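**Q** Before I ask anything, let me first share the structure, which is written out below as C-alpha cells.
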Amino acid sequence: MHFDEIHSSHFVTLSRTPLPHTLIEQALVNIGGGGNEGMNFRKQALAAAGWHYDGLVPFAKHPDKAAQAFNRLRAALASFTTAEQLMAELEAE
C-alpha cells in the first residue's frame, strides 16, 4: 500500500479530504480484521511503531512523535502481506 509522507503539521490541520495518517489508521483497522479486533491491532501497530501514549492522548499533543510513528507504519505498509508480517517488521526495527 502506498501512503503520502506524514508531517507533524497534519495533526494540527483541519481538512475536508482525509490526511495520510487517517488513511493509515483505517488500513490498520482493516488489516486487523475490523471491529474491536481491528482497533486492537491498530493500537498494537502504533505502539510498535513508536507511539507510546494511550488512546486518550491526541496525536496533536505530540505531533513530531506521531509523525515519526506514522512514517514508520507507512514504510512498513509498503511491503507487508499479513498483519503478522507487518508487526514483525515494526518490532524488528
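**Q** Considering only protein heavy atoms, with the full assembly of protein chains and a 1.4 angstrom probe, order Glu25, Glu5, Glu37, Glu89 by accessible area, largest first.
**A** On the way: Glu25 35, Glu5 95, Glu37 135, Glu89 60 Å².
Solvent-accessible surface, decreasing: Glu37, Glu5, Glu89, Glu25.
**Q** Points 7 angstrom from Cα along the Cβ direction at Leu14 and Val57: gap in nanometres?
**A** Here the modelled spin labels are 2.6 nm apart.
**Q** If you take the charge dipole of the chain about its Cα centre, with +1 on Lys and Arg Cβ and -1 on Asp and Glu Cβ, which of Pro58, Thr82, Asn71 is farthest toward its positive end?
**A** It is Pro58.
**Q** Between Asp64 and Ala88, what is the spin-label point distance in nm, taking each point 7 Å from the Cα along the Cα→C-beta axis?
**A** It works out to 3.4 nm between the two label points.
**Q** In Å and on Cα atoms, what radius of gyration and Dmax does the stretch 28-92 show?
**A** 11.4, 32
**Q** Still on this structure, please answer the following. Could you list the trypsin sites (Lys or Arg not before Pro) in the stretch 1-46 that lie in coil according to DSSP, counting only those with at most 11 other Cβ atoms within 10 Å of their Cβ?
**A** Numbers: sites: Arg16, Arg42, Lys43; in loops: Arg16.
Loop-located and lightly packed - Arg16.
**Q** About its Cα centre, what dipole magnitude does the stretch 28-92 give when the only charges are +1 on Lys and Arg Cβ and -1 on Asp and Glu Cβ, stated in debye to the nearest 20?
**A** On the way: 6 positive and 6 negative charges, 48 e Å.
Result for the stretch 28-92 is approximately 220 debye, rounded to the nearest 20.
The values are calculated or read from the model by the stated rules, or taken from the named source; none is laboratory data. Everything numeric in this text was worked out from a predicted model, so none of it was measured. Please note: Cβ atoms are built from the backbone with ideal geometry, for glycine as well, and neighbour counts cover all protein chains shown. SASA here: full protein model, heavy atoms, side chains in, ligands and nucleic acids out. Shrake-Rupley method; radii C 1.70, N 1.55, O 1.52, S 1.80 Å.
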